[in-house]
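For reference, the structure is listed below as structure tokens.
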Amino acid sequence: MADASTADESDNVVERTASKAIHDPDTVYRWLTYVGLGFFLTVSLFPFYWLFVLALTPTNQMADMGVVPKGFNPGAFLEVFETVPFHLYILNSVIIAALSTIIVLFVGSIAGYVFGRYEFRGRTPLLLLTLVISYFPPVAFLIPLYRLFTGQVSLIGLESPELYNTPWSIVMPLSAITMPLIIFLLTTFYRQIPDGLEDASRIEGSTRIGALWRIIVPLSAPGVATAGILTFIIVYNEFFFSYLMVTGTPDDWAPILHGIFAFQGTQQVEYNLMAAASIIGVIPMAVIVMVAQERIVSGLTQGALKE
């Protein structure tokens with residue numbers, strides 16, 4: 001009897017809950033929103049919180065850590081720059097990301113203009129083929145690129161230039177990997193520009209390239225800005241080529257990744273300094289996202305233009 005009564009009470013609770021949800025769906029949506037938002041914030045922000053915990057905990061108190069710092073050592077953020085030239089690693093990453101962004105936007109704008117404004121046979125399959133290339137794993141290109149950048153490949157009877165330990169050993173492969181996405185994004189924006197504006201520019205004597213830079217690109221400024229910001233963030237955060245294409249010293253254009261690994265020695269690992277360096281390395285990207293978030297959103301959601 002007791003089991004039957006408990007089952008009836010459970011059924012009644014379920015029925016009442018379902019009835020309330022049917023008659024007041026706004027409350028259900030609100031609670032689902034809170035749950036989803038809480039889950040997202042926990043998954044997104046907890047790693048940063050844990051980095052702060054590690055950064056503020058002295059090295060000799062790392063054992064048996066909890067969810068709060070054991071001690072308080074804010075000097076770790078200054079010690080990062082005193083131990084290694086961490087500012088040079090950040091500068092290298094910024095320069096490499098900026099060079100990649102310039103190359104990708106220049107080439108991607110021309111390719112996006114061709115795909116978006118020209119009608120020619122095989123346009124769609126060629127664009128899809130370009131996108132397919134971006135799905136190849138980076139490791140598939142590692143050995144050929146390493147041999148190419150170390151001068152082990154002959155091109156038309158000439159040895160390839162040695163680009164290993166230069167910014168180009170990172171810039172070139174990352175530009176190529178990022179290019180398909182940017183071409184597709186810019187194609188979408190350039191296709192939205194009314195033909196009449198470009199025709200008017202051509203009547204005034206402008207060439208197609210002139211119309212691209214004077215009419216198409218300015219009118220697609222949100223899309224171009226979005227493409228540039230995405231490229232910069234992708235290159236700045238990249239791990240694979242940034243780790244393998246340089247030796248790890250700031251004079252050899254090693255990016256921020258190697259600056260973080262500099263605190264990992266053969267005898268001891270400075271976890272608090274690695275965590276502090278990781279937080280410092282995130283700051284440039286956080287600033288860019290906060291400054292350009294409206295531009296990114298408008299670029300990704302901009303509707304079609306009309307004449």
| request: Could you check, for region 112-120, whether at least one of its residues is in the same structural domain as Val282 (by the TED database), surrounded by fewer than 15 Cβ atoms within 10 Å (Cβ to Cβ) and among the aromatic types (Phe, Trp, Tyr)? | output: yes
| Exclusive hit being among the hydrophobic types (A, V, I, L, M, F, W, C) and either farther than 24 Å from Phe239 by Cβ or in contact with a strand residue (DSSP E or B) (Cβ under 7 Å, 6 or more places away or on another chain) (or both), set Leu186, Leu181 | Leu186
| query | Filter region 81-104 for residues that are surrounded by 20 or more Cβ atoms within 10 Å (Cβ to Cβ) and under 20 Å from Pro222 (Cβ atoms); which is farthest from the chain's Cα centre (by Cα)? | reply | Val104
| said: Any residue that is closer than 23 Å to Pro250 by Cα, among the small types (Gly, Ala, Ser) and assigned to a helix (DSSP H, G or I) - is there at least one of those in region 151-170? | reply: yes
| task | Output the qualifying pairs, or none if there are none: Cβ atoms under 6 angstrom, residues six or more apart or on different chains, first residue in region 169-193 and among the small types (Gly, Ala, Ser), second residue crowded, with 23+ Cβ neighbours inside 10 Å. | result | Ser169/Met245; Ser175/Ser100; Ser175/Val104
| query | Would region 199-207 turn up any residue that is closer than 21 Å to Pro137 by Cα and either of a type outside the set (Lys, Arg) or in contact with an Asp or Glu (Cβ under 7 Å, 6 or more places away or on another chain) (or both)? | reply | no
| query | Hey, among Gly265, Gly259, which residue is over 20 Å from Pro69 (Cβ atoms) and surrounded by fewer than 16 Cβ atoms within 10 Å (Cβ to Cβ)? | reply | Gly265
| said: Going by what's in this entry, would Ile193 be described as aliphatic (A, V, I, L, M), surrounded by fewer than 15 Cβ atoms within 10 Å (Cβ to Cβ) and either more than 30 Å from Leu91 (Cβ to Cβ) or under 19 Å from the mean Cα position of the chain (by Cα) (or both)? | reply: no
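Matching residues to (1) assigned to a helix (DSSP H, G or I); (2) out of contact with any Pro (no Cβ under 7 Å at 6 or more places or on another chain); (3) open to solvent by 30 Å² or more (accessible area, probe 1.4 Å):
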| position | (1), (2), (3) |
| --- | --- |
| Met172 | yes, yes, yes |
| Pro180 | yes, yes, no |
| Leu186 | yes, yes, no |
| Asp199 | yes, yes, yes |
| Arg202 | yes, yes, yes |
| Ser206 | no, yes, no |
| Gly210 | yes, yes, no |
| request: Report, by residue number, each residue of region 92-112 that is of a type in the set (A, V, I, L, M, F, W, C) and either within 21 Å of Phe189 (Cα to Cα) or free of Cβ contacts under 8 Å to residues at least 40 places away in the same chain (or both). | output: Ile102, Ile103, Val104, Leu105, Phe106, Val107, Ile110, Ala111
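The values are calculated or read from the model by the stated rules, or taken from the named source; none is laboratory data. Owing to the predicted nature of the structure, the values given are computational and were not obtained by experimental measurement. Cβ atoms come from the backbone with ideal geometry, glycine included; neighbour counts cover every protein chain shown. Heads up: the accessible areas ignore ligands, DNA and RNA and are worked out on the full protein's heavy atoms, side chains in. Shrake-Rupley method; radii C 1.70, N 1.55, O 1.52, S 1.80 Å.
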